[in-house]
1. What's the number of the only condition in (1) farther than 30 Å from Asp77 by Cα; (2) without any contact (Cβ under 8 Å) to a residue 60 or more places away in the chain that Asp209 fails to meet?
2. Of the numbered conditions (1) assigned by TED's automatic domain parsing to the domain that holds Pro121; (2) aliphatic (A, V, I, L, M); (3) closer than 23 Å to Ser169 by Cα, Ala2 satisfies every one except a single condition; which is it?
3. Might you let me know whether segment 150-168 holds any residue that is modelled with pLDDT of 95 or more and outside any helix (DSSP H, G or I)?
4. Would it be correct to say that Gln271 is surrounded by 13 or more Cβ atoms within 10 Å (Cβ to Cβ) and either over 24 Å from Arg141 (Cβ atoms) or free of Cβ contacts under 8 Å to residues at least 60 places away in the same chain (or both)?
5. Tell me which residues, restricted to segment 41-50, are in contact with an Asp or Glu (Cβ under 9 Å, 6 or more places away or on another chain) and either over 16 Å from Gly15 (Cβ atoms) or modelled with pLDDT under 95 (or both).
6. Here are the criteria: (1) more than 21 Å from Asn151 (Cβ to Cβ); (2) loosely packed, with under 14 Cβ neighbours inside 10 Å. Tell me which single one Ala235 does not satisfy.
7. Being in the same structural domain as Asp189 (by TED's automatic domain parsing), surrounded by fewer than 20 Cβ atoms within 10 Å (Cβ to Cβ), in contact with a strand residue (DSSP E or B) (Cβ under 6 Å, 6 or more places away or on another chain) and in a loop (DSSP other than H, G, I, E, B), is that true of even one residue in segment 5-27?
8. Exactly one condition in (1) hydrophobic (A, V, I, L, M, F, W, C); (2) assigned by TED's automatic domain parsing to the domain that holds Met162; (3) not in a strand (DSSP E or B) is false for Val183; which is it?
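The values are calculated or read from the model by the stated rules, or taken from the named source; none is laboratory data. It should be emphasised that the depicted structure is a prediction, and the values quoted were computed from it without experimental measurement. Don't worry about glycine lacking a Cβ; one is built from the backbone with ideal geometry, like all the others, and counts go over all protein chains shown.
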Amino acid sequence: MAGPLHGIRIIEIAGLGPGPFAAMMLADHGAEVIRVERKGMPLDKGDPLLRSRIVVHHDLKSPEGQAAIRELVRDADGLIEGFRPGVMERLGLGPDVLLADNPNLIYGRMTGWGQSGFYAPRAGHDINYIAVSGALHMIGRKDEAPVVPLNLVGDFGGGGMMLAFGMVSALLAVKSGAKGQLVDCAMTDGSALLTAMMWGFRAKGFWQDERESNLLDGAAPFYDTYRTADGLYMAVGAIEPQFYAAFLTGLDLAGDPLFDNQMDPSGWPAQKARIAEVFASRNRDDWCAVFDTVDACVTPVLSMRDAPKATHNQNRATFITVDGVEQPAPAPRYSGTPTPTPVPPALREG
């Protein structure tokens, strides 16, 4: 069980968030990832983002540490770093230097703003990157402030996962005869890319640039969440007519003329109020008993405590425990090169 990236070696210059997430994905899928930490940094074996790594300590500001990094990179397929633009160059470890040492190297750079542009020299966090990309504006209730979607959209979806994809793409190019290259991954670019479908809808006149005014942003009564009698929630995604019909049947609202025109937004507020009233009349488990075996696209909203216990997630082993720490399992799944079982990071001297 070596994984599809078995034989690939990546050097990860230690950072936070999206860079480690990209390295975690590569390690999950079989790459050997050597994480370079600053001297004196303790090893956090319980951090899922650091799983399946070899960890070494070097002082990047010292000539000895810089020489050690260059030596590691000479035999590597890729490198990941997440410093602000220019930092690696000042350390003598920029792409010109390392690509000269190893012409086939894929040099992955993970930043919020990218290596160029107005904000490139500035600090920022996920919320800033997705604000500027337009993604944050789309999320939330009408006439209220945008809702912060944790740091999933910028750091992980538009950042770490995008960098992992870019690294693998560039590695494939090397396998096909290309030379090594720089991968400039910016969370502004990546989070903007995640909204591509909405830009397509907008071009066709199907998307309004106002929160909770569209099919998928909470405006539609058949695509939203509803509170149950016990203070929990159900998620509804009954878009297609057959699922919508099954949804109304499950709520005992089939035949109610209020719901005759599913796609007419003028009726959505009244429909939503009625649906909310019905959901509030029973506990979440009661509604699960109604909808779990019906194709109505209705599911419970599960907490971190409950998600690993869900039957579907247990069927697929969606969550695993590594060294006593519960966490998501590697994804996706492969039929011929299954991913190795994640293990805690291990310290290597030198």
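1. (2)
2. Condition not satisfied by Ala2: (1).
3. As a first pass, look at segment 150-168 and keep what is modelled with pLDDT of 95 or more: 150-168.
Now narrow it down to the ones that are outside any helix (DSSP H, G or I): 150-151.
Yes - at least one qualifying residue is present in segment 150-168.
4. It is true that Gln271 is surrounded by 13 or more Cβ atoms within 10 Å (Cβ to Cβ) and either over 24 Å from Arg141 (Cβ atoms) or free of Cβ contacts under 8 Å to residues at least 60 places away in the same chain (or both).
5. Across segment 41-50, the qualifying residues are Leu43, Lys45, Gly46.
6. (2)
7. There is no residue in segment 5-27 that is in the same structural domain as Asp189 (by TED's automatic domain parsing), surrounded by fewer than 20 Cβ atoms within 10 Å (Cβ to Cβ), in contact with a strand residue (DSSP E or B) (Cβ under 6 Å, 6 or more places away or on another chain) and in a loop (DSSP other than H, G, I, E, B).
8. Val183 satisfies all of (1) hydrophobic (A, V, I, L, M, F, W, C); (2) assigned by TED's automatic domain parsing to the domain that holds Met162; (3) not in a strand (DSSP E or B) except (3).
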